[in-house]
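**Student:** What follows is a structure written as structure tokens; I'll ask about it next.
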């Protein structure tokens, strides 16, 4: 993520919106606290999920109140 996008996403996450980081590259994963300090920014790292799958999982996760940590665990599980 470039600096401007990272700052905007951080402000959004601090307002209570869940921000999931993902990547469209064909292989690899988005690791937690690897490229970005997800703990500081209150982001969720998609791990092995591509953006499309991460979006569907997030929509299902938001059907009931969950913390960012719970949503992160769902990304690791599914």
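Every number in this text was worked out from the coordinates using simple rules, so none of it is lab data. Since this is a predicted model, take the numbers as computed values, not measurements. Glycine gets a Cβ as well: all are built from the backbone with ideal geometry, and neighbour counts include every protein chain shown.
**Student:** Would you calculate, for the chain, the mean residue ellipticity at 222 nm contributed by helices, counting each DSSP H stretch of 4 or more residues as -39,500 (n - 2.57) and dividing by all residues, to the nearest 500?
**Tutor:** -13500 deg cm²/dmol
**Student:** With contacts defined as alpha carbon pairs under 8 Å and 6 or more residues apart, what's the relative contact order of the chain in percent?
**Tutor:** Relative contact order here is 28 percent.
**Student:** Also: Could you compute the FRET efficiency for residue 56 and residue 27, with r as their C-beta to C-beta distance and R0 at 30 Å, rounded to 0.05?
**Tutor:** 0.90
**Student:** Also, quick follow-up: Using only the Cα atoms of the stretch 3-77, what are the Rg and Dmax in Å?
**Tutor:** 11.6, 32
**Student:** Can I ask one more? What is the gain in length, in nm to one decimal, between residue 48 and residue 14 on full extension, counting 0.36 nm per residue of separation less the C-alpha to C-alpha distance?
**Tutor:** Stretched out fully, the residue 48 to residue 14 stretch lengthens by 9.8 nm.
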